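Novice: One structure, as structure tokens, below. Some questions next.
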Amino acid sequence: MIGTAESPLRVAIVGAGPSGFYAAAHLLKNRNHPELVASVDLFDKLPTPFGLVRAGVAPDHPKIKSVTRVYDKLAAHPLFRFYGGVEFGRDLSREELLERYHAVIYTVGAQSDRKLWVDGEDLPGSFPATTFVAWYNGHPDATDLQFDLSAERAVVVGNGNVAIDVARMLLLTQEELSTTDTADHGIEGIAGGGVKEVVICGRRGPAQSAFTNPEILELGEMDDVDVIVDPADLELDEHSAAALDQAGEATARKNVDILREYAARPLKGAPKRIVLRFFVSPVEIQGDGKVERVVLERNELVADGGALRAKPTGERETLEAGLVFRAVGYKGVELAGIPFEERSGLIRNEDGRVTNDAGTHLHGEYTAGWIKRGPSGVIGTNKKCATDTVNELLHDLTTGHLASPADPDPASLDALVRERVPNVVDWAGWQAIDAVETAAGEPQGRPRVKLVTLESLHEAATGAGAPA
Ligand code: NAP
């Protein structure tokens, strides 16, 4: 029987971010099925684990990053293995995994970004927030990017927490950055930059903003920064006012309260400013060879079905700005051979079971996290999402609907990976990287100094001696 000590349930998880770890946890330590014996191999294309916790969460939010301690504990489980630096589709194919595991769970997150689709969007100085975030967080794929932050005014498009992270990071001082694990090149670039004002542009109103309360509150607590909100934007239309009265809208209500407080707050005369604009969309980014201006168009809200949509009014203004960051959402990227819905950017799935174009479940293939449901929620949201998927998987185990691997021997997979990727990084290798980074951070009073190239990460990993 599969799922016993003699024949453990063998699961491959592709993507070592929060969803991957939560899926692994529900397989290895399942309170509802204490008798279940599963073994989990967790693959990541980077030599390091933790996905967006390492490369997305803002470096000045160390408490959020401390969730990795939970993942560390799980990694000590004897039936858990980490394979870092192994890319699905390049080093191992879907077929090769299905020959070796009863189930594969894809938890690769959303690795690209949504565009604005306006003229000038690709001018130098206009960037997706996702790549800026990856850059200041030391993601090896972003290390070689150049961000000229000498402009005085930056425009950030979008009203979500990523927009807030980017606005805040742009204005942190050398002193504030120097206690964080911001990549060294990020500290140098931001602290040496000239940004004095960040204008955050929401296409709808304050009541529709996607910020969460602690994040919007944090802006008002920044030293050296005045937060500016036009009180006129806070006069709610009848639809917004009615929406805010509904149960389940506590976050939006509090957001509006916080914004009202900002609008009423006297300015400190601080050297830097965050301006929160609402009801505006960029319609063109202009400049001679680089971003110099953003044309904004005023919107009004119109009821459209159950939602309130932004409708352009034709009223335009031009804002001088040397930088534009679009923070309008992450987007999933197709994995080789896995059914994908281009429009939504999601793996085709039903409650986490991967389905083909006809809607038929593909035996043994599952998905969780942002690539299953879209880029929403906080880290903990992925716990429920991954747990739900694993529950479906375990149900399929009882009904005999998993894959039937011809070669489930863990040693055979291990040999295959090491043949394909001789410098594969296992958990001991990651611990060696971690030790090098934290030791470098200690004398500077920083949690770590990140290694930001694949070469340096692999070098640090092998410092651990022979992989376990
Ligand atoms: P998000 O929360 O979905 O926000 C996206 C924003 O972009 C929305 O305000 C959306 O406005 C706007 N937008 C979309 N298309 C647009 C367009 N064409 N023009 C103008 N605006 C547009 O996404 P996110 O900020 O990328 O964050 C992703 C997830 O990570 C969220 O769940 C977020 O809470 C989470 N996160 C959490 C933290 C934290 O806890 N500290 C930090 C970062 C991210 P509409 O509403 O009008 O569509």
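The values are calculated or read from the model by the stated rules, or taken from the named source; none is laboratory data. Quantities reported herein were computed from a predicted structural model and do not represent experimental measurements. Here Cβ is always computed from backbone atoms with ideal geometry, including for glycine, and neighbour counts include all displayed protein chains. Surface areas here come from the heavy atoms of the whole protein model, side chains and all, with no ligands, DNA or RNA. Shrake-Rupley method; radii C 1.70, N 1.55, O 1.52, S 1.80 Å.
Novice: What are the ³J(HN,Hα) couplings of region 407-422, residue after residue, when phi is run through the Karplus curve with 6.51, -1.76, 1.60 and θ = phi - 60°? Round to Hz, x for glycine and proline.
Specialist: With coefficients 6.51, -1.76 and 1.60, one gets 9, x, 5, x, 5, 5, 4, 4, 5, 4, 4, 5, 6, 6, 10, x Hz.
Novice: To continue, here is another question. Kindly list the residues of region 359-374 that lie in the label zone of Leu416, defined by a backbone N under 16 Å from the point 7 Å along the Cα-to-C-beta vector.
Specialist: 364-365
Novice: List the residues whose amide H sits under 5 Å from the amide H of Leu362, counting only those 5 or more places along or on another chain, with H placed 1.01 Å from N in the peptide plane.
Specialist: Val354, Thr355, Asn356
Novice: Also, I was wondering about something else. In region 310-352, whose amide N lies under 18 Å from the spot 7 Å out along Cα-to-Cβ of Asn30? List them in ranges.
Specialist: Under 18 Å, as judged by backbone N against the label point of Asn30, lie 351-352 of region 310-352.
Novice: If you don't mind, another one. Any chance you could run the full-extension gain for Glu455 through Glu152? It's 0.36 nm times the residue separation minus the Cα-Cα distance, nm to one decimal.
Specialist: Separation in residues times 0.36 nm, less the Cα-Cα distance, equals 105.6 nm.
Novice: How big is the dipole moment of region 248-390 about its Cα centre under a simple scheme where the beta carbon of each Lys and Arg is +1, that of each Asp and Glu is -1, and everything else is neutral? Debye, nearest 20, please.
Specialist: My answer is approximately 720 debye.
Novice: For region 27-105 and region 385-406, what is the separation of their Cα centres, given in Å?
Specialist: Cα centroid to Cα centroid, the span is 17 Å.
Novice: If you place +1 on the Cβ of every Lys and Arg, -1 on the Cβ of every Asp and Glu, and leave all else neutral, what size is the dipole of the chain about its Cα centre, to the nearest 20 Debye?
Specialist: Rounded to the nearest 20 debye, it is 740 debye.
Novice: Just to be sure I understand the model, the point goes 7 Å from the Cα along the line to the Cβ. What's the resulting Lys268 to Val333 distance in nm?
Specialist: Going by the 7 Å Cα→Cβ label model, 3.9 nm.
Novice: Determine the per residue accessible area of region 1-95 with all protein chains present and a 1.4 angstrom probe, expressed in square angstrom.
Specialist: Using a 1.4 Å probe on heavy atoms only, each residue of region 1-95 averages 41 Å².
Novice: Per residue, how large is the accessible surface of region 124-239? Use a 1.4 angstrom probe and give square angstrom.
Specialist: 37 Å²
Novice: Label point 7 Å out from Glu320 along Cα-to-Cβ: which residues of region 286-305 have amide N under 20 Å?
Specialist: Hits in region 286-305 for Glu320 at 20 Å: 286-297.
Novice: Just want to confirm a number: the relative contact order over the chain, from Cα pairs under 8 angstrom separated by 6+ residues, in percent.
Specialist: Relative contact order for the chain comes out at 21 percent.
Novice: Okay, moving on. Whole-Å semi-axes of the chain's equivalent ellipsoid, largest first, each the root of 5 times a Cα gyration tensor eigenvalue?
Specialist: After diagonalising the Cα gyration tensor, the semi-axes are 41, 27, 20 Å.
Novice: Find how much the distance from Arg253 to Asn423 grows on full extension, using 0.36 nm per residue of separation minus their present alpha carbon separation; answer in nm with one decimal.
Specialist: 56.1 nm
Novice: Calculate, in nm to one decimal, what Ala303 and Asp245 gain on full extension: separation in residues at 0.36 nm each, minus their alpha carbon distance.
Specialist: Result for the pair: 19.2 nm of gain on full extension.
Novice: Next up: Using amide H atoms built in the peptide plane, which far-off residues or other-chain residues are under 5 Å from Val199 H to H?
Specialist: Here Ala154, Val155, Val156, Val275 satisfy the definition.
Novice: Also: Taking 8 Å as the Cα distance limit and 6 or more residues as the minimum spacing, I'd like the relative contact order of region 114-329 as a percentage.
Specialist: Computed value for region 114-329: 31 percent relative contact order.
Novice: With θ taken as phi - 60° and the coefficients 6.51, -1.76 and 1.60, list the Karplus ³J(HN,Hα) couplings across region 345-357 in order, rounded to whole Hz; mark glycine and proline as x.
Specialist: For region 345-357, the Karplus-derived couplings read x, 10, 5, 5, 7, 10, 6, x, 7, 5, 10, 7, 4 Hz, x marking Gly and Pro.
Novice: Here's something else I'd like to know. Using DSSP to call loops (not H, G, I, E or B), can you name the GluC sites (Glu not before Pro) in region 148-215 whose Cβ has at most 14 other Cβ atoms within 10 angstrom?
Specialist: Glu152
Novice: With all protein chains present, how much of the accessible area of region 114-329 (probe radius 1.4 Å) comes from carbon and sulfur, to the nearest whole percent?
Specialist: 47 percent
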